[in-house]
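Rule-based calculations on the coordinates, nothing more; no lab input. Because the structure is a prediction, the values reported are computed rather than measured. Heads up, the Cβs are rebuilt from the backbone with ideal geometry, glycines too, and the neighbour counts pull from every protein chain shown.
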Amino acid sequence: MIHHINERFGLHYPKDTHWRKANCREVDCPHYVKGWVTTVPSDSSQAIFIRNDRERHHTEEKVGDGLIAFHFEAGQRCFRSFQHTKKLERGGWLTKGLSGGNSYQIQRAAMDVDEWIEDFNIASEGNK
């Protein structure tokens, strides 16, 4: 984002229009690539869930007083895969707003490239 005295010019990629859900393989999730270990109390709801999970393969290791470590091999979907996103191959939204303290108001949600460049150049000339 470029900030001039009275205006802010930005390039934004809104989540709802410029991103999509993705799987672990698409985002090179470190758990998918290298595997991972999850340590929980042996009698917890998390341990019960993991033991009953038929999708992921794991081994169990008792690691301490009442704790168990579940070792998951690489190449499987992690527990946070629902959070993975990937940016779509499309241009961002060019925006221009008025500065005001710690925030700014966007005058236009999306601008034409030529118009944005022209406004940016005018603002740059005024700040010399």
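Would you calculate the separation in nanometres between label points at Ser44 and Glu60, each defined as 7 Å from the Cα along the Cα-to-beta-carbon direction?
1.5 nm
Please list the three semi-axes, largest first and in whole Å, of the ellipsoid equivalent to segment 23-82, using sqrt of 5 times the eigenvalues of its alpha carbon gyration tensor. Write out the running numbers ahead of the final one.
Details: eigenvalues 98, 27, 16 Å².
The answer is 22, 12, 9 Å, longest axis first.
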